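The values are calculated or read from the model by the stated rules, or taken from the named source; none is laboratory data. As the structure is a computational prediction, the values presented were derived from the model and not from experiment. Reconstructed Cβ throughout: ideal geometry from the backbone, glycine too, with neighbour counts over all protein chains shown. The accessibility values were calculated without ligands, DNA or RNA, using every heavy atom of the protein model including side chains. Shrake-Rupley method; radii C 1.70, N 1.55, O 1.52, S 1.80 Å.
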Amino acid sequence: MKTKWFKDAFIYQIYPRSFCDGNGDGIGDIRGIISKLDYLKDLGINAVWLSPCYKSPNDDNGYDISDYRDIMEEFGTLDDWKEMVKGMHDRGIKLIMDLVVNHTSDEHAWFVESKKSTDNPYRDYYFWKKGRGKDGKKPPNNWISRFGGSAWTYDENTDEFYLHLFSKKQPDLNWDNPKVREEVKGIVKYWLDLGADGFRCDVITYISKVEGLPDGKLGGDNMFTHGPNIHKYLQELYTDVLSKYDCMTVGEAAGVTTDQAKLYTGNGRGELDTVFQFEHVEVNTFAQIVPRKVKLNRIKEVLSKWQTELFGNGWNSLYLENHDQPRCVSRYINDNVDGDDFLRKQSAKMLMTMMYFQQGTPYVYQGQEIGMTNIEFHSEEEHVDVLSKTVFRLVKKYAPFLKGYAMRALAIRSRDNARTPMQWNAEKNAGFSDGLPWYRVNPNYTTINTEEALKDPDSVLNFLKKIIEIRKGNETIRDGRYIDIQKDSKDLFAYRREAEVETLEIICNYKNKEVNYRADAKLIGKGAKIELILSNYQNIAYDQAEYRDFILKPYECRVYSIKK
Ligand code: GLC
Ligand code: CA
């Protein structure tokens, strides 16, 4: 059987608003992306996941869509989009679009209609309910929005509430209405016919709600996550549309367990190709915004579990960053290394090595390839993300004494950290825009930028290129079995990938100190050919003798290929 292409893909995520501004208005756009296609090709990636570029009033930067079939004005036109896809395809790069269909914008024509009256033909495209309490002004149930506060907003016009699991400008679509499902199929088909190669399905695990929308546990979570008809709806979408194209899908699946992931991605089930699980990013965050200390043991436990459980039963997505997650060097490395350029680079490379030799489809988020870091916040006003703003609003209303804590927590955790403009060079606005950027540029752009990284043979970028090169066509990485070989170590994350002809041994020192490593004598065996294929320090001996027993330097990582 032919391997589906997504198993050999290396995907680069673009957050268009912050990637590259082509016309100097301070907002990244499609022409900006077009100008960087050669850069992307040179990196070696072969697919792009583009965060939403559809028409949107931007309450949540494009994750609130008002027209699914057109491009956001600030980003350009449909013709620009077509030129971009052609440019990608000409360079062997596929395009994964973001499909945001759990909710629309409240400015979408369907919702504008839906609001008008209880008998409007679009009323049932969304969830409307009478309030509770004597005056009917209490929300219909106890569900909490993902951004905080009740998931319901009252609308005077019809004296009913509508449901929104995110901001009140993102009303939830009612997938139980067959018309809504037909609309979604139409949208999916539209973009596939125009040349898209797949979809990243936004918060897809929320699309099916328990009938009657009853109160639930943990703010209603068990009433809308992996709901009763989720598999049926996904299978329907697959059978009616997706199965007719050579495309891929990846579902965003916060809170998903390995058993559920097997159902979503299992061979022959006809649902999704892969999911983004969240366990390893939740190791050091609680409820999206509360930071906790990084625990290596827990990271190993979680990632190893996903590797073992999905082996032969599904397919993993390998990521540390995206537009919702803080920068990985700032968040996973306990000792703050952001200020030390050498250690920053070493730890960024180590984290890549830890992730990208696992089984699954790897994702790199814009800026991660140069080891971009979180930004410093000095005031509440510097937080522009709708999630952070909601947190500040709720704190002000209900718990003003928590303001200081919220500032500290959001400084580490805020999604704004990942949304600072991409750092292209050391010139004005980091080369992102000739105009005033829509959001602050991280002041460290003078040293951390792609121009610098392309020149420096030791850069994170050139290291990533090597990984991408090694992965290409490597069957051990694609198909080999994963074995955690340092379960009990407090300092090392090390694993093996085993296949017929080759074993790979991946050794990562997670700490800012020297750590001893002793290789498995059995592997060395008689006549085994051992080769160091990747390392983040210079002058490491590449020979057999070195492999037996050695000291790893701070954040050192090595990958050995062992052939019998
Ligand atoms: C997903 C997106 C996030 C957005 C949310 C609501 O989690 O990644 O950016 O805010 O969905 O659409
Ligand atoms: Ca622009």
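Observations, loosely collected:
- For the range 473-563, the solvent-accessible area with a 1.4 angstrom probe is 49 square angstrom per residue.
- With all protein chains modelled, accessible area of Asp80 [1.4 Å, Å²]: 20
- Annotation: amide H of Asp155 within the under-5 Å range of Glu160, Phe161, Tyr162, sequence separation 5 or more or interchain, hydrogens built in the peptide plane.
- DSSP beta bridges confined to the chain are antiparallel in about 65 percent of cases.
- In the context of the full protein assembly, Asp8 retains an accessible surface of approximately 70 Å², using a probe radius of 1.4 Å and ignoring ligands and nucleic acids.
- Where only DSSP H runs of four or more residues are counted, the chain gives -8500 deg cm²/dmol as its mean residue ellipticity at 222 nm, each run worth -39500 (n - 2.57).
- Within the accessible surface of the chain, defined with a 1.4 Å probe on protein heavy atoms only, the carbon and sulfur portion equals 50 percent.
- Straight-line cross-link partners of Lys490 among the lysines, defined as a Cα under 27 Å from its Cα and at least 8 positions apart when in the same chain: Lys293, Lys295, Lys300, Lys305, Lys345, Lys349, Lys511, Lys513, Lys522, Lys553.
- Between Lys116 and Lys526, the FRET efficiency from the beta-carbon distance, with R0 = 60 Å, is close to 0.15.
- Using the Cα coordinates of the range 284-353, the gyration tensor eigenvalues translate into equivalent-ellipsoid semi-axes of 24, 15, 12 Å, sorted from longest to shortest.
- Whole-Hz couplings from phi, Karplus 6.51/-1.76/1.60, listed for the range 283-298; x for Gly and Pro: 4, 10, 9, 10, 6, 6, 10, 8, x, 10, 5, 6, 10, 4, 4, 5
- Under the Debye formula (equal points on every Cα, no solvent term), log10 I(q)/I(0) of the range 473-563 at q = 0.13, 0.22 Å⁻¹: -0.40, -1.18
- The range 292-415: C-alpha pair distances exceeding 18 Å, %: 60
- Here the spin labels are modelled as points 7 Å beyond Cα on the Cα-Cβ line, and at Tyr245 and Asp25 they lie 2.7 nm apart.
- Counting only heavy atoms of the protein chains and using a 1.4 Å probe, Val294 has close to 10 Å² of accessible surface.
- Protection proxy ranking, peptides 27-38, 54-65, average beta carbon neighbours within 10 Å, highest first: 54-65, 27-38
- Label point at Asp215 placed 7 Å out along Cα→Cβ; residues across the range 124-143 whose backbone nitrogen lies under 13 Å: 132-133, 139-143
- Here the range 492-511 is scanned for amide nitrogen atoms under 14 Å from the site 7 Å beyond the Cα of Asn334 along Cα-to-Cβ, giving 492-493, 510-511.
- Using the Cβ-Cβ distance between Arg269 and Ser35 with R0 = 56 Å, the FRET efficiency computed as 1/(1 + (r/R0)^6) comes to roughly 0.85.
- Inter-label distance for Glu382 and Asn157, nm, one decimal - labels placed 7 Å from Cα along Cα-to-Cβ: 4.1
- Whether the chain is rounded, prolate or oblate, judged on the alpha carbon gyration tensor where a/c under 1.5 counts as rounded: prolate
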